[in-house]
Amino acid sequence: MSNDTYLPYGRQEISEQDISAVCEVLRSSWLTTGPVVEQFEEAVCRATGAEHGIAVCNGTAALHAAMAALELSPGDEVIVPSMTFAATANCILYQGGTPVFADVDPDTLLLDPAASEAAITPRTKAIIGVDYAGQPCDWAALRAIANRHGLALVADSCHAIGAEYRGKKVGTLADITLFSFHPVKHITTGEGGMAVTDDEAMARRMRVFRNHGITTDHRQREKSSAWFYEMTSLGYNYRLTDIQCALGLSQLRSLPDWIQRRNSIAALYDDAFVGKGIQPLARQVDVLHAYHLYVVRLPGVIRDRVFQHMRNAHIGVNVHYIPVHLHPYYRERLGTREGMCPNAEAAYHDILSLPMFPALTDADIARVAGTLSDYVFETLERKL
Ligand SMILES: *Cc1c(COP(=O)(O)O)cnc(C)c1O
């Protein structure tokens, strides 16, 4: 890409093969709830090592379905990190539960297991870990805590499809794992999401939940020439279409290559920032990072000035995230405030997400790294 092309922080990649796959469904007799939904669910299961996949209309709906599968009652508490997208906590409120924010590790910005354990009360039902930026949480530590206290473990892995932790794939590390297929994520269906689990009962509850709480779907009734159906719980229309699943199925083929390219891009950035006052987030040992985001910390400079400088240079940097407990809605509704999650709050002031998507060229990376390094270097020099 040329020297002043705008580089967003993330972007989809659509091939001719993807387009053909979608067109094929448009010419078929099922536009939604047809055979491609199951094919996509099975393919995601094969790719992630999970047993059951439930495709839904977005990642937030997948989180909502997971909370429904846990059968939260009003007042039940669920522990979540504050350094995440609001949807991770919102889904708990949808089902009448109460989010309890736990702090993150300052070096990785992943949910701190000790902080999670300290947040447990007799009302705690589950812990949701977020594989922030694409790096798996310390799932062994979280599993030990969940087992010790009889809690369910949920993975918001919207950043981390294709990642691995100690040789195990994301999708097999928690009781339920959620993915998003929004265009900035690793693979896309336009809008879309999926819940995966090895637990048959939870899978059944989520399947019914995505279809109004009705126990059979339209295609099943067609097959058995039956009209009768019953609604047994309160659900939603959270279905994903065959059109979208065809795109997802086609995209999934590129996932291993894309993860590899994202890791190469991260290595180029890492090298470029050595000794420049720019700190990439720490990596745990024995993980395959999915690098949805490439996040650096910029201590000693004013992040918002760096942000503006980069945007002026047509580089679409971003900030992920405002800690959820600081959003006005949470402050008003739950009384959360500054000081509750000091590591997340400190990080919020100096994090910056750099462009990270497979189509970035080595020249694009050099341009981003050079623009950032020069500016940070000059700013730090001026202070001396
Ligand atoms: C993208 C994302 C979601 C929500 O996914 P949608 O498909 O946009 O609904 C939830 N949690 C995290 C951490 C995400 O990045």
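The values are calculated or read from the model by the stated rules, or taken from the named source; none is laboratory data. Predicted model only: the values in this text are computed from it and were never measured. Here the Cβ positions follow ideal geometry from the backbone for every residue, glycine too, while neighbour counts run over all protein chains shown.
Output yes when any residue across region 194-205 is within 14 Å of the ligand (Cβ to nearest atom), in contact with a Ser or Thr (Cβ under 9 Å, 6 or more places away or on another chain) and either of a type outside the set (F, W, Y) or at pLDDT 95 or above (or both), and no when none is. Working first, answer last.
Here is the first cut: in region 194-205, the residues within 14 Å of the ligand (Cβ to nearest atom) are 194-195.
Cutting the leftovers down to in contact with a Ser or Thr (Cβ under 9 Å, 6 or more places away or on another chain) gives us 194-195.
Remaining after also requiring either of a type outside the set (F, W, Y) or at pLDDT 95 or above (or both): 194-195.
The answer is yes; a qualifying residue exists.
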Exercise for the section: Would you check if E222 is free of Cβ contacts under 8 Å to residues at least 12 places away in the same chain, over 16 Å from H159 (Cβ atoms) and in the same structural domain as M67 (by TED's automatic domain parsing)? Expected result: yes
Handout entry: T241 vs. criteria more than 16 Å from V37 (Cβ to Cβ), in contact (Cβ under 8 Å) with a residue 24 or more places away in the chain and hydroxyl-bearing (S, T, Y)
Key = no
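Take the residues in region 131-160 that are among the polar types (S, T, N, Q) and buried (at least 21 other Cβ atoms within 10 Å of the Cβ); name whichever of them is farthest from the chain's Cα centre (by Cα). Before you say what the answer is, go through the steps one by one.
Start the filter on region 131-160 by keeping residues that are among the polar types (S, T, N, Q), which leaves 135, 147, 157.
Checking the rest, the ones that are also buried (at least 21 other Cβ atoms within 10 Å of the Cβ) come to 135, 157.
Working: Q135: 10, S157: 4 Å.
Selected residue: Q135.
Being away from the ligand (no atom under 16 Å from the Cβ), under 21 Å from I54 (Cα atoms) and modelled with pLDDT of 95 or more is true for just one of K185, K168. Which residue is that? Give the derivation first.
On the way: K185 fails: away from the ligand (no atom under 16 Å from the Cβ).
One residue alone meets the criteria, K168.
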Exercise for the section: Please note which helices (runs of 4 or more DSSP H) are completely contained in region 84-160 and include at least 2 residues that are closer than 30 Å to F357 by Cβ, free of Cβ contacts under 8 Å to residues at least 60 places away in the same chain and within 12 Å of the ligand (Cβ to nearest atom). Expected result: 87-94
Handout entry: Failed condition for S73, given (1) closer than 19 Å to L151 by Cβ; (2) within 13 Å of the ligand (Cβ to nearest atom)
Key = (2)
Problem - Residue list for region 263-310, restricted to those being within 23 Å of the chain's Cα centre (by Cα), part of a loop (DSSP other than H, G, I, E, B) and away from the ligand (no atom under 16 Å from the Cβ) - result: A282, R283, Q284, V285, D286
Handout entry: Candidates T84, T48, T60, T32, filtered to the one that is within 20 Å of A201 (Cα to Cα) and polar (S, T, N, Q)
Key = T48
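For region 42-49, check the following and say yes or no: at least one residue is within 16 Å of the ligand (Cβ to nearest atom), of a type in the set (A, V, I, L, M, F, W, C), in contact (Cβ under 8 Å) with a residue 24 or more places away in the chain and buried (at least 20 other Cβ atoms within 10 Å of the Cβ). Working first, answer last.
So in region 42-49, the residues within 16 Å of the ligand (Cβ to nearest atom) come out as 44.
When the remaining residues are screened for being of a type in the set (A, V, I, L, M, F, W, C), the result is 44.
After this cut, where a residue has to be in contact (Cβ under 8 Å) with a residue 24 or more places away in the chain as well, the list is 44.
Within this subset, residues satisfying the condition of being buried (at least 20 other Cβ atoms within 10 Å of the Cβ) are 44.
Checked region 42-49: at least one residue is within 16 Å of the ligand (Cβ to nearest atom), of a type in the set (A, V, I, L, M, F, W, C), in contact (Cβ under 8 Å) with a residue 24 or more places away in the chain and buried (at least 20 other Cβ atoms within 10 Å of the Cβ).
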